[in-house]
Structure formats: C-alpha cells, structure tokens
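The values are calculated or read from the model by the stated rules, or taken from the named source; none is laboratory data. Keep in mind it's a predicted model, so treat the numbers as computed, not measured. Ideal geometry is used to build each Cβ from the backbone, glycine not excepted, and the neighbour counts take in all protein chains shown.
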Amino acid sequence: MPRSALLNVMVQAATKAGRSLARDFGEVQNLQVSMKGPGDYVSQADRKAEEIIYNELSKARPGYSFLMEESGTVKGSDDQHRWIIDPLDGTTNFLHGIPIFAVSIALERQGVLVAGLIYNPAMDELYTAERGGGAFLNDRRLRVAARRNLNDAVIGTGIPHLGRGDHGRYLVEQRNVMGEVSGIRRMGAAALDLAYVAAGRLDGFWEDALHPWDMAAGMLIIREAGGFVTDKAGGQDIFDTGGIVAGNEAIHAALLKTLKKPIKAAG
Ligand code: IPD
Ligand code: CA
Ligand code: CA
C-alpha cells in the first residue's frame, strides 16, 4: 500500500536516525568493557538521533512545532501541528547492548494524533499508522490479538526502579495481575511495548509515569490496529497522568479492573 507524503517524510527521518543509532549501538557493545563505560557515548547517540530527526522534519514541514525528549519544546509558526519525538526509546537497553530500542515520532494536528511511527533499527521493524488509515508493520497490516480472556494473556509493563516511580503501588498491581495472566513481560522500551500490543505480540500493556513522547505514536498505532488505549482511570488524560492501559476491548477492560483491585491476601 503506497504511503502518504506525510508518512514518507516521517519514515525518511526515522530511518536516517535509525542508521545513526545502529552504528552507535555497534560501538556501545565495544564500550561495555571500558572503565568509563558507554554512558556519555549513549547520550551523544541520543542527541545525534534527535538532531537528525529535527532537521529532516523541519526541512519537510517548516513551521511545525516540536515536543522532543532531549531538546524540549520548540514553538513553530504553525501552532496547529506538533511533532512528538523520542529519538531513542529504550536508552538503558541501548546502554547495555540489548537490541530492544526504537525511534518514536508522532504528529498531532489541533491536538489530535494523526500519524505515528515506531522504528527498531536493530530488528528493522517499522510500525506506522495514520488516523483512519490502519496500522502496519513493514507494510503488513496489523490487528491486536484476539484473545479475550486475561488468563490466556501475556501482558507487558514497565517496572519502576531506583529513583523512579511508586514501588509500593506497582507491587500491588503486579501482585494482582500476575495471579490472573499467562505471563508478564518487561521489555524496557515503552514505545515498542505499545507497538507489540498493536502487532498482537502482547495482549495488553500498562505502565505509570510515562511521557507523551514514550506513548504518542504507540497510542495511534494501537487504535488503528483495533485496540483500546486509556489512562488508568479509563479516561483520556493519558499525557497529563502519564499512566496508560492498552489492549483489545476485552483485555483492556479486564486489565483496568484488575489494576484497581486492592492487594490480594498473600497466598
Ligand atoms: C523509557 C522506556 C522504559 C520506560 C521508562 C521510559 P527512555 O524511555 O520507555 O521502557 O519504563 O519509563 O522513560 O528513557 O529509554 O527514552
Ligand atoms: Ca522513552
Ligand atoms: Ca528517550
């Protein structure tokens, strides 16, 4: 299916940034053994990828505004359009030589998500969607998984860590979810987690304390693959709350319910 001019612009920017990340990722694996470690090197890789994306998109769509993880907000002359960009989602994986990371680009028009792209250069997987145009993985049409019973489901999540998130609350949620599902997965790249829900690889996903650039592209790709995405109260304050729950209609509803339960008695 031929891509639109808009999606072509996004793919061009993402794949150029992806080539840069793939080169740097190869180097990171060599730096694992260096005393200083690859920390600074990864930060440079992150910023370089964002600069590539910013330059490509600014050239193709002059005037659009930007919300980027590394450089923040850039207000353009056209305030109807806003790019939402995470140039490297899965930074810790990248730092540790784990090939689960992605470029994430979304476009908002008057506050509505109209295009989304998530690209994992390590696996050459390109997830795309335009509002009303369906969701695709390398041009193959995507549908969310058909499983309707939480007991058969594999659910993705993000686990808080040192200095991040509400550990107590998360442990209550995980305790309740683990007792009702076939498996829980923590991949380390929320944008890819959401893409995997759209591809039916994960039946559902939940996480707290995410940013718009982690979620925007995946939200549209899931919806265009027939899935449901809300905040943890079941509403649409996803960007403001940073909490997200996703899945097909049945799994999304069941996961929302389970996440609201108080802790089960030990057993
Ligand atoms: C992180 C990843 C991770 C999620 C974190 C995010 P980053 O994004 O998406 O899976 O659990 O909350 O910050 O920092 O690697 O772009
Ligand atoms: Ca991220
Ligand atoms: Ca990032």
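For residue 8, which of the numbered conditions (1) at pLDDT below 95; (2) more than 16 Å from ligand 1 (Cβ to nearest atom) fails to hold?
(1)
Tell me, which residue of the stretch 64-80 that is in contact (Cβ under 8 Å) with a residue 12 or more places away in the chain and under 20 Å from the mean Cα position of the chain (by Cα) is nearest to ligand 2 (Cβ to nearest atom)?
If we take residues in the stretch 64-80 being in contact (Cβ under 8 Å) with a residue 12 or more places away in the chain and under 20 Å from the mean Cα position of the chain (by Cα), then 69 is nearest to ligand 2 (Cβ to nearest atom).
Looking at the stretch 180-206, which of its residues are near ligand 1 (Cβ under 10 Å from one of its atoms) and of a type outside the set (Asp, Glu)?
186, 187, 188, 189, 190, 191, 192, 194 - these are the residues of the stretch 180-206 that are near ligand 1 (Cβ under 10 Å from one of its atoms) and of a type outside the set (Asp, Glu).
Hey, can you tell me all the residues within the stretch 178-211 that are hydrophobic (A, V, I, L, M, F, W, C) and either under 18 Å from residue 150 (Cβ atoms) or at pLDDT below 95 (or both)? It would help to see each step written out before you state the result.
Here is the first cut: in the stretch 178-211, the residues hydrophobic (A, V, I, L, M, F, W, C) are 178, 181, 184, 187, 189-192, 194-195, 197-199, 202, 205-206, 209-210.
Scanning the stretch 178-211 gives 178, 181, 184, 197, 202, 205, 206.
Within the stretch 214-266, which residues are β-branched (Val, Ile, Thr) and within 23 Å of residue 91 (Cα to Cα)?
221, 222, 238, 241, 244, 245 - these are the residues of the stretch 214-266 that are β-branched (Val, Ile, Thr) and within 23 Å of residue 91 (Cα to Cα).
Which of the residues that make up the stretch 81-97 are away from ligand 2 (no atom under 12 Å from the Cβ) and modelled with pLDDT of 95 or more?
The answer is 81, 82, 83.
Yes or no: the stretch 101-113 includes at least one residue that is at pLDDT below 95 and surrounded by fewer than 16 Cβ atoms within 10 Å (Cβ to Cβ).
In the first step, residues of the stretch 101-113 are kept if they are at pLDDT below 95; the result is none.
Checking the stretch 101-113: not a single residue is at pLDDT below 95 and surrounded by fewer than 16 Cβ atoms within 10 Å (Cβ to Cβ).
When you check residue 214 against the structure, is it within 16 Å of ligand 3 (Cβ to nearest atom) and in contact with a helix residue (DSSP H, G or I) (Cβ under 9 Å, 6 or more places away or on another chain), yes or no?
So residue 214 passes the test.
State yes or no: is residue 209 in the same structural domain as residue 173 (by TED's automatic domain parsing) and either more than 7 Å from ligand 1 (Cβ to nearest atom) or buried (at least 24 other Cβ atoms within 10 Å of the Cβ) (or both)?
Numbers: in the same structural domain as residue 173 (by TED's automatic domain parsing): yes; either more than 7 Å from ligand 1 (Cβ to nearest atom) or buried (at least 24 other Cβ atoms within 10 Å of the Cβ) (or both): no.
The answer is no for residue 209.
Restricting the search to the stretch 31-85, which residues are within 16 Å of ligand 3 (Cβ to nearest atom) and basic (Lys, Arg)?
Within the stretch 31-85, 47, 48 meet the criteria.
Pick from 233, 253: which is assigned to a helix (DSSP H, G or I) and at pLDDT 95 or above?
Unique residue meeting the criteria: 253.
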